[in-house]
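As structure tokens, the structure follows; a few thoughts come after it.
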Amino acid sequence: MRISSISSYRKSIKIIESSTNQAHINASRNYINNFFKLYSTPSRYMYGPFKTFFVRDWIGEMYNRLLIKLNKKEKDLK
């Protein structure tokens with residue numbers, strides 16, 4: 001599972017870097033959210049109206065780095 005998650009992470013980076021407009025940013029956000037859902041497990045508990053997930057630390061760190069990279073790319077496009 002670790003090798004496939006790393007290749008998915010690398011693909012996510014390529015997708016973010018290739019974004020050239022807001023529609024691409026939205027698609028990139030969908031892709032990295034799907035990355036998170038694929039490598040996490042939903043928990044039974046809800047935090048208010050929000051779903052909660054169990055995730056390994058290194059997957060969480062990958063996801064956070066992707067979000068930061070996406071936010072930076074979005075700011076650069078504006």
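The values are calculated or read from the model by the stated rules, or taken from the named source; none is laboratory data. For clarity, every value in this text was computed on a predicted model and none was experimentally measured. In this analysis, Cβ positions are derived from the backbone assuming ideal geometry, glycine residues included, and neighbour counts consider all displayed protein chains.
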Query raised in the report: Quick check, is MET46 among the aliphatic types (A, V, I, L, M) and either in a helix (DSSP H, G or I) or in contact with a Leu (Cβ under 6 Å, 6 or more places away or on another chain) (or both)?
Result: no
**Report entry** Within region 68-77, considering residues that are hydrophobic (A, V, I, L, M, F, W, C) and at pLDDT 95 or above, the one farthest from SER18 (Cα to Cα)
**Finding:** ILE68
Query raised in the report: From the list SER18, SER43, which one is in contact with a Phe, Trp or Tyr (Cβ under 8 Å, 6 or more places away or on another chain) and exposed (fewer than 14 other Cβ atoms within 10 Å of the Cβ)?
Result: SER43
Report summary line: Restricting region 60-78 to residues that are of a type outside the set (S, T, N, Q) and exposed (fewer than 14 other Cβ atoms within 10 Å of the Cβ), the one farthest from TYR9 (Cα to Cα) turns out to be LYS78
Report summary line: Within region 21-30, the residues that are in a helix (DSSP H, G or I) and either exposed (fewer than 10 other Cβ atoms within 10 Å of the Cβ) or touching a Leu at 6+ places or on another chain (Cβ under 9 Å) (or both) are GLN22, ALA23, HIS24, ILE25, SER28, ARG29
Query raised in the report: Within the bounds of region 60-67, is there any residue that is at pLDDT 90 or above, in contact with a Ser or Thr (Cβ under 6 Å, 6 or more places away or on another chain) and polar (S, T, N, Q)?
Result: no
Query raised in the report: If you check SER4 against the conditions, is it among the hydroxyl-bearing types (Ser, Thr, Tyr), surrounded by fewer than 11 Cβ atoms within 10 Å (Cβ to Cβ) and at pLDDT 95 or above?
Result: no
